[in-house]
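Here it is, the structure, as structure tokens.
The values are calculated or read from the model by the stated rules, or taken from the named source; none is laboratory data. Remember, it's a predicted structure, so these values are computed and weren't measured experimentally. Using ideal geometry, Cβ is built from the backbone for each residue, glycine included, and neighbour counts are taken over all protein chains shown. For the accessible areas, the whole protein counts, side chains as well, though only heavy atoms, and no ligand, DNA or RNA atoms are used. Shrake-Rupley method; radii C 1.70, N 1.55, O 1.52, S 1.80 Å.
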Amino acid sequence: MPGGLTLPTLCCFLLWAFTIFHKGQGDPASHPGPHYLLPPIHEVIHSHRGATTTLPCVLGTTPPSYKVRWSKVEPGELRETLILVTNGLHARGYGPLGGRARMRRGHRLDASLVIAGVRLEDEGRYRCELINGIEDESVALTLSLEGVVFPYQPSRGRYQFNYYEAKQACEEQDGRLATYSQLYQAWTEGLDWCNAGWLLEGSVRYPVLTARAPCGGRGRPGIRSYGPRDRMRDRYDAFCFTSALAGQVFFVPGRLTLSEAHAACRRRGAVVAKVGHLYAAWKFSGLDQCDGGWLADGSVRFPIITPRPRCGGLPDPGVRSFGFPRPQQAAYGTYCYAEN
């Protein structure tokens, strides 16, 4: 093109003009990101119950005067729970988690949070916020616990719990209400369950691997959803989540009533195991026992790692249930739990 712009020159001119225009319009992409807090390399930190875990938060440089505030974002609620505040020299903890939390202080730019004795309720989203009075910055991290999800219903039958009763029931069985992401992970690992149950966020769902008519129809497999429900009025089962145990579960054979099962465990310095204990032992310790045993809630169950004939009749590993026999029925052994 004699006397005109060549194609490469024209492209460069248009790119320059586009950039200048967006800077003039205040395009957010043209502004630099946080310059005091470094972005985390890994936004999800994996841990397990009982561990000591570090949530990393590092400053690239320090402002003249600042504070770092750590908080936990509560699921399903529009609020954050304060954990710890530090000015780089002194730190103060707040709330129940603050007593187990401290600053790592590996170096002068380190604002990482250390949580000792991780509990089930510690899982979730955390925020490290730098406050310097001019331009506050924050980074978000998620603490994820390795665990197992189990469906739970009481002896009265299915669909007995409102949200708050479901939450309490899980806690009584050494667990907590599962989150949607935990239920989804359990579904990918083989959880197939037709009864709907509460989740921590307040929604009601159930996981289906083999689509079938009595279980939501013959559509695609997946997580079926009833959506958010009335937490006081609506009643369903519960999906509970538990993690690794601090102790061990063992089986005591015999033909015992429920009261005899409690006595048998006490003689061994233990207590009758809860449902969450049995699922955790099955998941993390490989407990495989083809014998029904009493649990603390009055149910009878047994854990299977290697499916085999005359051992539950199902082709997949899992915890099998005999339901809730009469407590006076002397027909089963018992599963005991002892702290290490």
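Six or more apart or on different chains, Cβ atoms under 8 Å: show the pairs whose first residue is in region 318-332 and under 20 Å from PRO307 (Cβ atoms) and in a strand (DSSP E or B) and whose second is β-branched (Val, Ile, Thr) and open to solvent by less than 60 Å² (accessible area, probe 1.4 Å).
GLY318/ILE304; VAL319/ILE304; ARG320/ILE304; SER321/VAL300
Can you name every residue in region 232-250 that is part of a loop (DSSP other than H, G, I, E, B) and crowded, with 16+ Cβ neighbours inside 10 Å?
ASP234, ARG235, ALA244, LEU245
Can you pull out the strands (runs of 3 or more DSSP E) entirely within region 104-149 that have at least 2 residues that are of a type in the set (Gly, Ala, Ser)? Steps first, please.
On the way: elements: 113-115, 124-131, 137-145.
In region 104-149, the matching strands (runs of 3 or more DSSP E) lie at 137-145.
Out of the residues in region 185-215 meeting the condition of being touching a strand residue (DSSP E or B) at 6+ places or on another chain (Cβ under 6 Å) and in a helix (DSSP H, G or I), tell me which one is surrounded by the most Cβ atoms within 10 Å (Cβ to Cβ).
Taking the candidates together, the pick is ALA186.
Moving on to the next point. Kindly indicate whether ASP174 is touching a strand residue (DSSP E or B) at 6+ places or on another chain (Cβ under 8 Å), closer than 12 Å to CYS240 by Cα and acidic (Asp, Glu). Write out each step before concluding.
Working: touching a strand residue (DSSP E or B) at 6+ places or on another chain (Cβ under 8 Å): yes; closer than 12 Å to CYS240 by Cα: yes; acidic (Asp, Glu): yes.
Yes; evaluated as a whole, the condition is true for this residue.
Applying the selection to region 87-127, what residues are among the hydrophobic types (A, V, I, L, M, F, W, C) and farther than 22 Å from HIS48 by Cβ?
LEU89, ALA91, MET103, LEU109, ALA111
Another question about this same structure. Taking the options LEU89, LEU84, LEU109, LEU113, name whichever one is of a type in the set (A, V, I, L, M), open to solvent by 80 Å² or more (accessible area, probe 1.4 Å) and outside the structural domain of ALA281 (by the TED database).
On the way: LEU84 fails: open to solvent by 80 Å² or more (accessible area, probe 1.4 Å); LEU109 fails: open to solvent by 80 Å² or more (accessible area, probe 1.4 Å); LEU113 fails: open to solvent by 80 Å² or more (accessible area, probe 1.4 Å).
Matching residue, one of LEU89, LEU84, LEU109, LEU113: LEU89.
Now, a different point. Would you please name the residue that is least open to solvent (accessible area, probe 1.4 Å), looking only at residues in region 171-184 that are over 17 Å from TYR236 (Cα atoms) and free of Cβ contacts under 8 Å to residues at least 60 places away in the same chain?
The qualifying residue least open to solvent (accessible area, probe 1.4 Å) is GLN182.
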